[in-house]
There are 2 protein chains.
Amino acid sequence: MSEAIRISEIFGPTIQGEGALIGEPTVFVRTGGCDYRCSWCDSLHAVNAEYRATWAPMPPAEVMAEVAHLSGDRPLMVTLSGGNPAIQPLGPLIEMGKAQGYRFAMETQGSVARDWFASLDMLVLSPKPPSSGMTVDWPVFEDCVTAAGTAPAVLKIVIFDEADYLWAQDVAARYPALPLYLQPGNHTPPPPEDDSAVVDQDGIDDRMRWLVDRVVADGWFAAKVLPQLHVMLWGNKRGV
Amino acid sequence: MSEAIRISEIFGPTIQGEGALIGEPTVFVRTGGCDYRCSWCDSLHAVNAEYRATWAPMPPAEVMAEVAHLSGDRPLMVTLSGGNPAIQPLGPLIEMGKAQGYRFAMETQGSVARDWFASLDMLVLSPKPPSSGMTVDWPVFEDCVTAAGTAPAVLKIVIFDEADYLWAQDVAARYPALPLYLQPGNHTPPPPEDDSAVVDQDGIDDRMRWLVDRVVADGWFAAKVLPQLHVMLWGNKRGV
């Protein structure tokens, strides 16, 4: 019997709204619990301990049953998100899903390395910039990159300001072989219990345009710049 | 001396706003002239014969000099667009640019096949759906796919309505091996001499959400759905 996974929510299919797989239909499996407390976290309902009671312990077979139900039994990309999904025992889930034809992407900050990263179809490493208030443990982050092995891995860095931007340049210089995505931050993330909170999309769009200008001015052409498309289309609404 | 290319505009760097390379910094080389007259064309200044006088004949070296000037001599992805760039003699330009480290993507409807398609780093084939008023010549389209050889090629299909959507499903079935991008159409394209024309972004966003819902309802998970990000960020403005 595989260990249960703490599940905050399973939803979709919808399109992936950001990063390397933007536009691709996917079911999101959001795990509960996180070792970080980013100042601008947009998923506090899957992070803060006071919501722990809402995180259902589910064995892998039960998670896959729900994914298959949502997808009408048609294999697609499953996106493991959180919280930090790396603190959950996801190896057996990935193994089981892949046997059924599903593929798996995972988004994590890179603070916990697992050998099952190598089974992923896409590992998105999102080291958190200075504006988050977090500090990256680089040796552990390096362990995460190593754990991916030959699995496709990319960097995605959220940018709020100039300090974040300069920090992202430093990170990119450490990992020149990893495809890099820069993403303007949402300074109006939803409170954990209110997904109807209004987004300042104009402000986010300003940041997006600034980021494009900044990358172009620096001739930083290896950086791809993408917004959170789901926020542009659906605001802070959950489940899309 | 290589044959001159009819150039409508060269601009950038900015990010690619749509399709497989969305978010990637690029310089656009827009050629003048087109064998199609799509009802909703958003680039009539590079299509209609009355603008022919604005299309400068430029030898490849002059085009590359301008691209290098704009990019600060840093190689990046060059996007060949139009009009229909396939009716221009672009082989020598691609050869020259690649020798300088530049990469080349091209967007074309697939109505004219060229052997130099095989030199591209990305061939985006955009067969035009019923709403365009055009009719695809499928044997020629097949020649385009064949001409790409081992070069990466993708399908991008603009969708305005249900008829376009059903047509796209048929096209996808013809080319299951090609990655597929669906893109909601802009029903408020700019008149050729007015790039300040207001875009009905709400209407386009509605179409985008409908398209996501449609793809999800059909379990069509091989289709990626992406909007025109540049229109969301900059409206009909040219040069971005």
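None of the figures in this text is laboratory data; all of them are computed from the coordinates on show. Please read all numbers here as calculations on a predicted model, not as lab measurements. All Cβ positions, glycine included, derive from the backbone under ideal geometry; neighbour counts span all protein chains shown.
Observations, loosely collected:
- Nearest-ten-degree value, helix B:162-174 long axis tilted from longest Cα axis of chain B: 70
- With R₀ set to 60 Å, the beta-carbon distance separating B:ASP115 from A:ASP161 gives a calculated FRET efficiency near 0.80.
- Mean separation of Cα contacts under 8 Å, 6 or more apart, over the residue count of chain A: relative contact order %: 19
- Residue-averaged 222 nm ellipticity for the protein assembly as shown, from DSSP H runs of 4+ at -39500 (n - 2.57), nearest 500: -8500 deg cm²/dmol
- Restriction of the trypsin sites (Lys or Arg not before Pro) in the stretch A:14-61 to DSSP coil positions whose beta-carbon has at most 14 other beta-carbons within 10 angstrom yields A:ARG37.
- For the segment B:21-28, counting C-beta atoms of other chains within 10 Å of every residue's C-beta and taking the mean gives 5.
- For chain B, the dipole from Cβ point charges (+1 on Lys and Arg, -1 on Asp and Glu) about the Cα centre works out to 400 debye, to the nearest 20.
- Radius of gyration and maximum dimension Dmax of chain B, Cα, Å: 17.1, 55
- Measuring max minus min along each principal axis, the C-alpha atoms of the stretch B:1-107 give extents of 36, 35, 19 Å (largest first).
- Approximate spin-label separation B:ALA61-B:VAL140, in nm, with each point projected 7 Å along Cα-to-Cβ: 3.4
- Free-standing Cys, chain A [no other Cys Cβ under 4.7 Å]: A:CYS34, A:CYS144
- In terms of other Cβ atoms within 10 Å, A:GLU18, A:GLU9 run from fewest to most in the order A:GLU9, A:GLU18.
- Cβ charges +1 (Lys, Arg) and -1 (Asp, Glu), total dipole of the protein assembly as shown, debye: 620
- Cα-based convex hull, the protein assembly as shown, per residue volume (Å³, whole number): 137
- When the GluC sites (Glu not before Pro) in the stretch A:139-209 are filtered for DSSP coil states and for at most 12 other beta-carbon atoms within 10 Å of their beta-carbon, the remaining sites are A:GLU193.
- Distance between the stretch B:148-175 and the stretch B:187-240 - C-alpha centres, whole angstrom: 17
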